[in-house]
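Participant: Okay, here's the structure, questions in a sec.
The values are calculated or read from the model by the stated rules, or taken from the named source; none is laboratory data. Given the structure is predicted, the values throughout are model-derived calculations rather than measurements. Neighbour counts run over all protein chains shown; Cβ positions are idealised from the backbone, glycine included. When the accessible area is computed, the model is the full protein with side chains, heavy atoms only, and any ligands, DNA or RNA have been set aside. Shrake-Rupley method; radii C 1.70, N 1.55, O 1.52, S 1.80 Å.
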Amino acid sequence: MAERITGHTELISLLAYPIRHSSSPAMHNEAFAYLGLDYAYLAFEVDNDSLEDAIKGMRAMKFVGSNISMPNKTVVGQYLDKLSPASQMTGAVNTIINHDGVLEGTITDGVGFMEALKDNDIDVIGKKMTIVGAGGAATAIQIQAALDGVAEISIFNIKDKFYDVGVDTVRKINENTACKAQMFDLADTEALRREIADSVLLVNATGVGMKPLEGKTWLPDASYLRPDLIVTDTIYSPAETEFLRIAKQVGCKTMNGMGMMLFQGAAAFKLWTGKDMPIEHMKEVLGISYD
């Protein structure tokens, strides 16, 4: 890294809390070095309370852009100059691009998730998926899946502040795509069992399973799963959540969030640099492999 830093090095940030576990800095900096690009990617622990100041600093110091993660995805938009159609539809931002002082927010999570499925030979187009979560990343996945041609999506969430977001996502999907979407309370375990039973894919798009909820899962027990069900998690640290551990014991094909992290990062990388991320090289460096 020291050999690459010059007086012309362009900066890109990652603003989230907690974030020290993130693989994004290693991924992006390796890609910059591999392609000989004079950029550096740095992680900063920033929460909602310090987010506005961080965005002001990013603008003042002419950062090329930034990634945004929890808990900032659904609140950062108010500090930006414009939002992409994807961010307007999802109400979330995970990527900021600095266009000569004009900060634009967009979201690449949905594209990243769908590309990771393709890369792992998982085909959900024309089929049904069940997804737990209604936050920023979950919403992006749900909308992108509907746009890409998933036939049916069942969304579950606890009755927290994001539940109404899920209800609104269902409305948007049903009004604007050919996909049929439904919203359920995660406490309704009978509905959860029923919807999983005829789904080909079950997705955890919540933070349950990562710190401070490491070792936890919302899944009542293993009887909700079956060997031919594909089970994926958007979490990549830890690499195997309790949710995925249970699924593996049942015999399900599983995938953690590393692929999504790579492909959503590749989309952001292209927006910042105009270059394609070296995907195969990065998969080797990051140790990404599939069951």
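Participant: If you check Ala138, Ala92, which single one turns out to be within 16 Å of the chain's Cα centre (by Cα), part of a helix (DSSP H, G or I) and buried (at least 24 other Cβ atoms within 10 Å of the Cβ)?
Facilitator: Residue meeting the stated conditions: Ala138.
Conditions tested, residue by residue: (1) farther than 20 Å from Thr108 by Cα; (2) touching a His at 6+ places or on another chain (Cβ under 9 Å).
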residue: His8; (1), (2): yes, no
residue: Met27; (1), (2): no, no
residue: Ala31; (1), (2): no, yes
residue: Leu35; (1), (2): yes, no
residue: Glu52; (1), (2): yes, no
residue: Asn67; (1), (2): no, yes
residue: Met70; (1), (2): no, no
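Participant: Working only within the stretch 60-77, note down all residues that are more than 24 Å from Ala205 (Cα to Cα) and touching a helix residue (DSSP H, G or I) at 6+ places or on another chain (Cβ under 9 Å).
Facilitator: Phe63, Val64, Gly65
Participant: Strands (runs of 3 or more DSSP E) wholly in the stretch 1-75 with at least 2 residues that are over 24 Å from Ala138 (Cβ atoms) - which ones?
Facilitator: 10-16, 39-45
Participant: Every residue in the stretch 152-167 that is in contact (Cβ under 8 Å) with a residue 12 or more places away in the chain and more than 18 Å from Val231 (Cα to Cα), please.
Facilitator: Of everything in the stretch 152-167, those that are in contact (Cβ under 8 Å) with a residue 12 or more places away in the chain and more than 18 Å from Val231 (Cα to Cα) turn out to be Ile158, Lys159, Phe162, Tyr163, Val165, Gly166, Val167.
Participant: Pick out the one residue from Val111, Val124 that is open to solvent by 20 Å² or more (accessible area, probe 1.4 Å) and either modelled with pLDDT of 95 or more or touching a helix residue (DSSP H, G or I) at 6+ places or on another chain (Cβ under 7 Å) (or both).
Facilitator: That would be Val111, the only listed residue that is open to solvent by 20 Å² or more (accessible area, probe 1.4 Å) and either modelled with pLDDT of 95 or more or touching a helix residue (DSSP H, G or I) at 6+ places or on another chain (Cβ under 7 Å) (or both).
Participant: Further question: Show the residue pairs that are 6+ apart or on different chains and have beta-carbon atoms under 8 Å apart, the first residue being within the stretch 42-71 and of a type in the set (D, E, K, R), the second being open to solvent by 80 Å² or more (accessible area, probe 1.4 Å).
Facilitator: Matching pairs, first to second residue: Glu45/Tyr17; Glu45/Arg20; Asp47/Tyr17.
Participant: Only one of Leu202, Leu244, Leu271 is open to solvent by 20 Å² or more (accessible area, probe 1.4 Å) and within 19 Å of the chain's Cα centre (by Cα); which?
Facilitator: Being open to solvent by 20 Å² or more (accessible area, probe 1.4 Å) and within 19 Å of the chain's Cα centre (by Cα) holds for just one of Leu202, Leu244, Leu271, which is Leu271.
Participant: Of all residues in the stretch 159-185, count the ones that are under 21 Å from the mean Cα position of the chain (by Cα) and more than 28 Å from Lys118 (Cβ to Cβ).
Facilitator: Selection size over the stretch 159-185: 5.
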